[in-house]
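Just so it is clear, none of the values below were taken in a lab; they were calculated from the coordinates. If you're wondering where the values come from, they're calculated on a predicted model, not measured in any experiment. We place every Cβ from the backbone using ideal geometry, glycine too, and count neighbours over all the protein chains shown.
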Amino acid sequence: MKATAKAHTNIALIKYWGKRNESLILPMNNSLSLTLDGFYTTTSVEFREHLLEDHFLLNDHVVAGDEYYRVTRFLDLIRDFSSKPNLYAEVNSINKVPTAAGFASSASGFAALAAAATKALDLSVSNQELSRLTRQGSGSACRSIYGGFVEWEQGKQDDGSDSHAVQVAPANHWDVRVAAVVLSSKMKKVSSRDGMKRTVDTSPFYTSWVETIPNDLDQIKQGITDRDFEKVGRIAESNCLKMHATTLGAEPPFTYWHDTTLAVMHMVRDLRASGVPAYFTIDAGPNVKVLYLPENEETVQNTLRDVPGVTDVILSRSGQGVTYI
Ligand code: PMV
């Protein structure tokens, strides 16, 4: 009753921002991401008859508190699914997602946990079922089941039975790369969960944001099929700006950006003005991710490193979906 799985994190090009059901984690809109090979989590799960509760080790340290409860609550779902309510597990996770890079390790973390736990119990789940289960651990994690370009279909059902990810194009379809620009920031973080809820509940810009999604999705998927970098980058950048605009209209208002975030955004636009195609996107934090093509790797990396306040630039290619070890 033991299995090990590896999953990569992903970066959203069309953002998931807002839930229609908080407990089932059902989104207000479809989203689309690129799975990244540079950042991943490897998780072993072993269910054992004599255990009285779950144990969770992260990077060889015992985890307690909220982080522990998120994991046990998620394992409860898998126990329900397998009709083994009293079977507890030892969970051992190694995270290769530098938290400083501003990637939520929850995406790769919950995808690896779901895959390892279902495998350990010998449950025959399709990738679609696995994606639906993973969604209930962390929304964006449901996209990490698949490699390459991935769409999370919000679904129509109230029970979430049709809210899961599908692959749009595999990792080898197109060598698009992502630079994670790490900034030194001491700003207090608004979690993605709190940030989404506040904008859905209070921002007058929220409904307009949702209305723009179908067109952004159509266009970006066409751009991916055609390997049209300018189109994909342009849509990703404007979709990110629209998401962040909703936070300024919230009550109380907030922003994830700080001065270096803006400096990097301007630098990316300067790069474009000088003839180097590069586009930015930003999640629920101050760090910036920059999309670029392989031939511009050196220029992009060196330019971003020179922005005052940037502490590191970590490069990644597109990555595979969940694998079992
Ligand atoms: O799944 P969460 O709660 O980590 O939310 C992710 C929200 C964004 O990163 C801002 C957008 C996205 O689609 O990943």
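Once you put a point 7 Å from the Cα of Ile94 and another 7 Å from the Cα of Leu77, both along the Cβ direction, what distance in nm separates them?
Once both label points are built, they end up 2.6 nm from each other.
May I ask you to derive the FRET efficiency for Asp66 and Arg20 from their Cβ-Cβ distance with R0 = 22 Å, giving the value to the nearest 0.05?
Calculated value: 0.40.
So what are segment 177-222's ellipsoid semi-axes, whole angstrom, largest first, if each one is the square root of 5 times an eigenvalue of the alpha-carbon gyration tensor? Show your work: numbers first, answer last.
Details: eigenvalues 125, 93, 10 Å².
Here the semi-axes work out to 25, 22, 7 Å.
Please work out whether segment 160-257 counts as rounded, prolate or oblate from its C-alpha gyration tensor, where a ≥ b ≥ c are the square roots of the eigenvalues and a/c under 1.5 means rounded, while otherwise a/b larger than b/c means prolate and anything else oblate?
Prolate.
Quick one: if you take sqrt(5λ) for each eigenvalue of the C-alpha gyration tensor of the chain, what semi-axes come out, biggest first, whole angstrom?
After scaling each eigenvalue by five and taking roots: 32, 21, 20 Å.
Which GluC sites (Glu not before Pro) does segment 4-78 hold that lie in a coil by DSSP with at most 14 other beta carbons within 10 Å?
Working: sites: Glu22, Glu46, Glu49, Glu53, Glu67; in loops: Glu22, Glu49, Glu53.
For GluC sites (Glu not before Pro) across segment 4-78 that sit outside H, G, I, E and B with at most 14 neighbouring Cβ atoms in 10 Å, the list reads Glu22, Glu49, Glu53.
Among bridges DSSP assigns within the chain, what percent are antiparallel (round to 5)?
Percentage antiparallel, nearest 5: 95.
So how far, in whole Å, is the C-alpha centre of segment 88-152 from the one of segment 1-47?
5
Could you tell me the ratio Rg/Rh of segment 177-316? Both radii from Cα atoms, Rh via Kirkwood.
The Rg/Rh ratio comes out at 0.98.
Helix-only mean residue ellipticity at 222 nm, the chain, DSSP H runs n ≥ 4 weighted -39,500 (n - 2.57), per residue, nearest 500. What is it?
-12000 deg cm²/dmol
How would you rank Met243, Met1, Met265, Met196, going from fewest to most other Cβ atoms within 10 Å of each one's own Cβ?
Met1, Met265, Met196, Met243
Can you give me the span-like helices of the chain, meaning DSSP H runs with 20 Å or more of Cα extent along the axis and Kyte-Doolittle mean at or above 0.5?
Numbers: long enough: 65-82 (26 Å, -0.56); 105-120 (22 Å, 0.85); 206-225 (29 Å, -0.52); 229-248 (29 Å, -0.08); 259-273 (21 Å, 0.19).
Sorted by number, the helices that extend far enough and score high enough are 105-120.
Based on a Kirkwood Rh over C-alpha pairs, give the Stokes-Einstein translational diffusion coefficient of segment 44-123 at 25 °C and viscosity 0.890 mPa s in µm²/s.
Approximately 189 µm²/s, per Stokes-Einstein.
Using the Kirkwood formula on the Cα atoms of segment 1-154, what hydrodynamic radius do you get, in angstrom to one decimal?
15.4
Which parts of segment 117-142 would a label at Arg48 reach, counting a residue when its backbone N lies under 18 Å from a point 7 Å out along Cα-to-Cβ?
Answer for segment 117-142: 117, 120-121.
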